[in-house]
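Heads up: the structure comes next, in structure tokens.
The values are calculated or read from the model by the stated rules, or taken from the named source; none is laboratory data. No experiment lies behind these values; they were computed from the predicted model shown. Note: ideal-geometry Cβ built from the backbone for every residue, glycine included; neighbour counts use all protein chains shown.
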């Protein structure tokens with residue numbers, strides 16, 4: 001876009017078409033402002049689309065990414081709202097995918113997943129809703145048992161040198177760090193070591 005013969009700013013084809021501009025059109029200051037705002041939105045939108053194309057993202061992740069790349073918080077919010085309205089960002093679906101993936105690939109407890117989801121900007125009521133849908137007490141006990149068994153296999157040489165009490169404590173501490181409740185961790189370690 002040239003103003004008075006000098007390059008003022010670049011415009012994407014998308015914005016040019018939307019405004020119906022052609023070479024030689026004369027525009028006023030108000031239209032220049034609208035063009036500038038539309039172009040900024042378009043570029044931020046394209047940037048966000050690229051970011052979510054690799055894997056699902058939460059609203060907060062997209063906002064934070066846009067902010068890190070220099071887009072204003074207000075523009076970031078508008079882009080996120082647009083993506084949410086069009087179903088491209090959905091925090092509840094993101095939380096469901098996150099929990100399902102962690103249940104399949106990692107042996108972690110609710111506390112670990114809750115903390116990770118909070119860091120990604122998922123609200124507590126959405127987290128609890130997803131937990132009710134996907135995680136039962138039996139699931140937690142089975143995951144804790146599998147985590148303890150895996151830890152025993154991996155750390156066998158180091159754990160074999162310890163007496164039974166210290167081995168039990170190390171395994172329980174490991175499960176607690178993985179986000180399992182104390183009673184679940186104790187029960188899993190009892191089962192694995194018996």
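A few points about this structure:
- So residue 147, is it assigned to a helix (DSSP H, G or I) and either surrounded by 12 or more Cβ atoms within 10 Å (Cβ to Cβ) or in the same structural domain as residue 110 (by TED's automatic domain parsing) (or both): yes
- Single condition residue 105 does not satisfy, out of (1) at pLDDT below 95; (2) surrounded by 17 or more Cβ atoms within 10 Å (Cβ to Cβ); (3) out of contact with any helix residue (DSSP H, G or I) (no Cβ under 8 Å at 6 or more places or on another chain): (2)
- Identification of helices (runs of 4 or more DSSP H) wholly contained in the stretch 55-129 with 1 or more residues that are touching a residue at least 60 places away in the same chain (Cβ under 8 Å) and over 30 Å from residue 150 (Cα atoms) yields 59-68.
- Qualifying residue in the stretch 148-161 (condition: modelled with pLDDT of 90 or more, within 30 Å of residue 47 (Cβ to Cβ) and touching a helix residue (DSSP H, G or I) at 6+ places or on another chain (Cβ under 9 Å)): no
- Residue 53, sole failed condition from (1) within 27 Å of residue 178 (Cα to Cα); (2) exposed (fewer than 13 other Cβ atoms within 10 Å of the Cβ): (1)
- Breaking point among (1) surrounded by 15 or more Cβ atoms within 10 Å (Cβ to Cβ); (2) out of contact with any helix residue (DSSP H, G or I) (no Cβ under 7 Å at 6 or more places or on another chain), for residue 72: (1)
- Selected residue (criterion: farthest from residue 142 (Cα to Cα)) from residues of the stretch 178-189 that are in contact with a helix residue (DSSP H, G or I) (Cβ under 8 Å, 6 or more places away or on another chain) and in a helix (DSSP H, G or I): 182
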